[in-house]
Amino acid sequence: MGLVEQIESCVAEIVIVPSSAHIDAITLNRVMAIADVECAAPRTSFARWTIIGGRRR
């Protein structure tokens, strides 16, 4: 099971990673569709994409 599937299965609201280098750009984009992402070093936050007129799966 991939990272995105694991996040969806446990209905996580936030994902904490050591650095943004641990997730490639495509995976980061997919994760941001369903959860916020917090990076420890450098300290960075990526807010989940907003859904206009929809709802979370």
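By other beta-carbon atoms within 10 Å, ranking Cys39, Cys10 with the fewest at the front produces Cys10, Cys39. Short-range pairs are left out: with C-alpha atoms under 8 Å and at least six residues apart, the relative contact order of segment 3-46 is 44 percent.
Other residues with beta-carbon under 11 Å from the beta-carbon of Ser45 carry, at +1 per Lys or Arg and -1 per Asp or Glu, a net charge of 0. Ellipsoid semi-axes for the chain, based on the Cα gyration tensor and the rule √(5λ), read 19, 13, 10 Å when sorted largest first.
Among Ala40, Ser19, Ser9, flag the residue with its Cα farthest along the positive direction of the charge dipole of the chain, charges on Cβ as +1 for Lys/Arg and -1 for Asp/Glu. After comparing all options, I get Ser9. Label separation (Ala33 vs Ala21): 2.8 nm, computed from points 7 Å beyond Cα along the C-beta direction.
Quick note: the coordinates plus some simple rules give every number you see, no bench work behind them. Keep in mind it's a predicted model, so treat the numbers as computed, not measured. FYI the Cβ positions are ideal-geometry reconstructions off the backbone, even for glycines, and counts take in every protein chain you see.
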